[in-house]
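The values are calculated or read from the model by the stated rules, or taken from the named source; none is laboratory data. Predicted, not measured: the structure shown is a model, and the values here were computed from it. In this analysis, Cβ positions are derived from the backbone assuming ideal geometry, glycine residues included, and neighbour counts consider all displayed protein chains.
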Amino acid sequence: MFATILPQRKNAAIRHFLVTEMKTNDSKRIHCPVEITLEVLGGKWKTVILWYLGQGTRRFLELQRLIPGITRKMLTQQLRDLERDGTVRRRVYDQVPPKVEYTLSTHGRTLRPVLHELCKWGLKHREKAGRKV
């Protein structure tokens, strides 16, 4: 199914992946490459957090102000998850009051094109559905 829309030279590798089960670190079975991506990006807030970090380094309260509706607890958890997955880097400065900054890691920066395409799709979808944001 997905293999038909990819360049011909990638078809064999994708077909092999699609028919081969994989296991994650916690022994969960993965059947599709999209599942791997959603393990990192899944949830209501992670892509929004990554979008803002893709625009530059942010402090915790700055992210909280930029993302209406996210609780302090949820932002903390999502940032920890993203840091654990290697997409976000947390930098703690040794000063009083404490200063902590979040930025995309080198690996996280590879998501910029994906986030940009999601943004473009969202704008087109909004226009098609006649919704206002």
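Taken over segment 48-107, residues that are outside any helix (DSSP H, G or I), of a type in the set (A, V, I, L, M) and within 24 Å of L118 (Cβ to Cβ) amount to 4. Residues in segment 32-65 that are hydrophobic (A, V, I, L, M, F, W, C), under 15 Å from H107 (Cβ atoms) and modelled with pLDDT under 95: I36, V40, L41. Touching a residue at least 40 places away in the same chain (Cβ under 8 Å) and either on the phi > 0 side of the Ramachandran plot or in the same structural domain as R109 (by TED's automatic domain parsing) (or both): does that describe G86? Against the criterion (touching a residue at least 40 places away in the same chain (Cβ under 8 Å) and either on the phi > 0 side of the Ramachandran plot or in the same structural domain as R109 (by TED's automatic domain parsing) (or both)), G86 does not qualify. Flag: L118 matches the condition of being under 18 Å from W51 (Cα atoms), surrounded by 14 or more Cβ atoms within 10 Å (Cβ to Cβ), modelled with pLDDT under 95 and assigned by TED's automatic domain parsing to the domain that holds W45.
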